[in-house]
1. Filter the stretch 37-72 down to the residues that are assigned to a helix (DSSP H, G or I) and of a type outside the set (S, T, Y) and list them by number.
2. Name every residue in the stretch 187-210 that is surrounded by fewer than 19 Cβ atoms within 10 Å (Cβ to Cβ) and under 15 Å from L159 (Cα atoms), in order of residue number.
3. Within the stretch 96-117, identify whether any single residue is in a strand (DSSP E or B), within 18 Å of the chain's Cα centre (by Cα), touching a residue at least 40 places away in the same chain (Cβ under 8 Å) and surrounded by 17 or more Cβ atoms within 10 Å (Cβ to Cβ), and answer yes or no.
4. Residues to consider are I80, I121, I75; find the one that is hydrophobic (A, V, I, L, M, F, W, C), out of contact with any strand residue (DSSP E or B) (no Cβ under 6 Å at 6 or more places or on another chain), closer than 29 Å to K221 by Cβ and assigned to a helix (DSSP H, G or I).
5. Look through the stretch 193-214, keep the residues that are touching a strand residue (DSSP E or B) at 6+ places or on another chain (Cβ under 8 Å) and among the hydrophobic types (A, V, I, L, M, F, W, C), and return whichever of them is nearest to L131 (Cα to Cα).
6. In this structure, is L167 touching a His at 6+ places or on another chain (Cβ under 6 Å), crowded, with 19+ Cβ neighbours inside 10 Å and either within 29 Å of N25 (Cβ to Cβ) or touching a residue at least 12 places away in the same chain (Cβ under 8 Å) (or both)?
7. Select, from M184, M200, the only residue that is within 25 Å of G43 (Cα to Cα) and part of a helix (DSSP H, G or I).
Amino acid sequence: MSNQQAVANIKNLQVYQEDSEILSNINIEICKGDFIYIVGKTGSGKSSFLKTMYGDLRIKSAGTVEVAGYDLKNIKSSQIPFFRRKIGIIFQDFQLLTDRNVEQNLKFVLQATGWEDKVLINNKIKEALELVGLSHKLNSMPHQMSGGEQQRVVIARALLNNPEIILADEPTGNLDPKTTEDIMHLLFDVHKELGTPVLMATHNLQLIDQFPGTVYICSNKKLNHVVMKPGQHSSDADDEDF
């Protein structure tokens, strides 16, 4: 990983879903320029870990999570909108507002994170859509777009606030192979151009050969760094014996 200053630093973290411990003793540092994969079987804790990273799951016990300058163990509810402005989140199921067009979806996020100037809002939306190649879809509704186009909108949404880190939870999980490759090229291009670190949960280990990065595996309630050999992949991590 990079020798630059850490954007996220996790030490001795325990991850819980309600009263059940999902992961324990997590230690990971994420720096600018890193592209990190989190792989593992369904139910191994990948999504729960990411939810902890963006403040959707609270830290109940031992451990610290510092992301983009915020201590998530002690963060106040009033600080969450400001924290979310410093991270970008990409969901597998898009989570676009289906009753609003692309421009309205992006405008909603900017206004929710404190933007007020209409000119700046419009300029930022234009900039983000240009970055993902969707300037011509400004007035399109989600149902009028393909899955790949919707995911590009989601990536644009994640980039609106110039995030210090991007957290991607199975961003290609609902996409066909060709669209998956297109989305990964886009993510990697953004990552390289802006230097934004990416933490991505995925089942698709074939991506790691084509788009190399640091790999961590969720297994037996642990998150362990592994070195993947060329060709050591599977189309579905559930079929892999880690």
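1. From the stretch 37-72, those assigned to a helix (DSSP H, G or I) are 46-53; that's our starting set.
K46, F49, L50, K51, M53, listed by residue number.
2. Scanning the stretch 187-210 gives F188, D189, K192, E193, L194, G195.
3. Let us first name the residues in the stretch 96-117 that are in a strand (DSSP E or B), namely none.
Checking the stretch 96-117: not a single residue is in a strand (DSSP E or B), within 18 Å of the chain's Cα centre (by Cα), touching a residue at least 40 places away in the same chain (Cβ under 8 Å) and surrounded by 17 or more Cβ atoms within 10 Å (Cβ to Cβ).
4. On the way: I121 fails: closer than 29 Å to K221 by Cβ; I75 fails: assigned to a helix (DSSP H, G or I).
None of the other options fit; the residue is I80.
5. The qualifying residue nearest to L131 (Cα to Cα) is V198.
6. On the way: touching a His at 6+ places or on another chain (Cβ under 6 Å): no; crowded, with 19+ Cβ neighbours inside 10 Å: yes; either within 29 Å of N25 (Cβ to Cβ) or touching a residue at least 12 places away in the same chain (Cβ under 8 Å) (or both): yes.
Here the answer is no, as L167 does not meet what is asked.
7. Values: M200 fails: part of a helix (DSSP H, G or I).
Only one candidate qualifies: M184.
Residues checked against (1) surrounded by fewer than 15 Cβ atoms within 10 Å (Cβ to Cβ); (2) closer than 16 Å to E193 by Cβ; (3) in contact with a Ser or Thr (Cβ under 9 Å, 6 or more places away or on another chain); (4) without any contact (Cβ under 8 Å) to a residue 40 or more places away in the chain:
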residue: E127; (1), (2), (3), (4): yes, yes, no, yes
residue: H136; (1), (2), (3), (4): yes, no, no, yes
residue: N139; (1), (2), (3), (4): yes, no, no, yes
residue: H143; (1), (2), (3), (4): yes, no, yes, no
residue: E149; (1), (2), (3), (4): no, no, yes, yes
residue: R152; (1), (2), (3), (4): no, yes, no, yes
residue: I155; (1), (2), (3), (4): no, yes, no, no
residue: P163; (1), (2), (3), (4): no, yes, yes, no
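The values are calculated or read from the model by the stated rules, or taken from the named source; none is laboratory data. What you see is a predicted model; the values in this text were computed from it and never measured. We place every Cβ from the backbone using ideal geometry, glycine too, and count neighbours over all the protein chains shown.
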